[in-house]
Amino acid sequence: MIVYFIGTGGSEGIPAHLCTCPTCSEARKFGFAQRRPSTLAIITETGKAVLFDVGTDIRDFLNVPLEAIFLTHWHHDHIYGLYKLRWMALETPLYAPEGHADALILREPKNLQPRTIKPGDTVELDTLKITAFRLNHQVETLGYLIEEDGKRVALIYDTKGLPESTEDFLRRNSPLRLAIVDATYPPGTDDPYHNNVDEAAEIGLELAERTVLSHISHKNLPFLKLTEYVRRRWRNKVLVAYDGMVFYV
Ligand SMILES: [Zn+2]
Ligand SMILES: [Zn+2]
Ligand SMILES: [Zn+2]
């Protein structure tokens, strides 16, 4: 499968509007340092597409039929793009947790077909097997284990650490080829709902051959400093995601 990182930022995106912090200022100099809110696609071996979170308008990045859309949770930075995408011409299943669901989307889903998904539920689509697991966040939030042909990828955002049941579940399924982990904040920050860079890397290193840090806030280190920090500590076992990154699994 191909993992396509369409958006790798937090709620505000980088640069945040009118913000002059070092991270946002750098992103106005280097296009590669800009980030859209979280949006990820998986392209299967047979060329089918599945979308995980829709933090941005996907039309310029992925203009193909979607087998399904999965939401990790209903925070706005993970669903902005749905308001527009629901007008698409093909009916498409939308799997999402029940808690804090967006009233407008549920009342007027247009061509989305909302379905509730719970921890432990598995959905089979084309060559993929997708299993939901619980995460630690402000609202009900799910991560997803995505399997194709014995190869496993875990999508782990938004979260602070992992619930014990999830840690056990992912250990049983390790080594993962890839862990994509919430790394919202810079090293040293302690937040109740999101990991910092060190916490995120630790989660990934336990479980996966490769870890990709994503959901990066403008409060994190500027792009070049962040990639340097990560490279020095963990070589190529841990990578920093960027918008447009493509990862072959
Ligand atoms: Zn988020
Ligand atoms: Zn900023
Ligand atoms: Zn969130």
Of those in segment 81-107 that are buried (at least 19 other Cβ atoms within 10 Å of the Cβ) and in contact (Cβ under 8 Å) with a residue 40 or more places away in the chain, the residue farthest from Arg35 (Cα to Cα) is Pro97
Output for Cβ contacts, cut-off 7 Å, separation at least six or different chains, first residue farther than 19 Å from Tyr80 by Cβ and more than 9 Å from ligand 2 (Cβ to nearest atom) in segment 6-26, second among the small types (Gly, Ala, Ser) and open to solvent by less than 30 Å² (accessible area, probe 1.4 Å), reads Glu26/Ala33
- request: For segment 72-86, indicate whether the set of residues that are more than 24 Å from Arg210 (Cα to Cα), of a type in the set (Gly, Ala, Ser) and away from ligand 1 (no atom under 16 Å from the Cβ) is non-empty.
  value: no
Scanning for something touching a Pro at 6+ places or on another chain (Cβ under 8 Å), hydrophobic (A, V, I, L, M, F, W, C) and either surrounded by 14 or more Cβ atoms within 10 Å (Cβ to Cβ) or on the phi > 0 side of the Ramachandran plot (or both), does segment 149-163 turn up at least one residue?
-> no
When segment 1-28 is checked residue by residue, the ones that are in a strand (DSSP E or B), over 15 Å from Ala183 (Cα atoms) and either open to solvent by less than 20 Å² (accessible area, probe 1.4 Å) or at pLDDT below 95 (or both) are Val3, Ile6
Of those in segment 29-80 that are touching a Lys or Arg at 6+ places or on another chain (Cβ under 7 Å) and in a loop (DSSP other than H, G, I, E, B), the residue least open to solvent (accessible area, probe 1.4 Å) is Gly55
Those residues of segment 179-215 which are surrounded by fewer than 19 Cβ atoms within 10 Å (Cβ to Cβ) and of a type outside the set (S, T, N, Q) amount to Pro187, Gly188, Asp190, Asp191, Pro192, Tyr193, Asp198, Glu202, Leu205, Glu206, Glu209
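The values are calculated or read from the model by the stated rules, or taken from the named source; none is laboratory data. This is a predicted model, so every value here is computed, not measured. Virtual Cβ from ideal backbone geometry, glycine too; neighbours counted across all protein chains shown. Ligands, DNA and RNA are stripped out before the accessible areas are found, and what is left, the full protein with its side chains, is counted by its heavy atoms. Shrake-Rupley method; radii C 1.70, N 1.55, O 1.52, S 1.80 Å.
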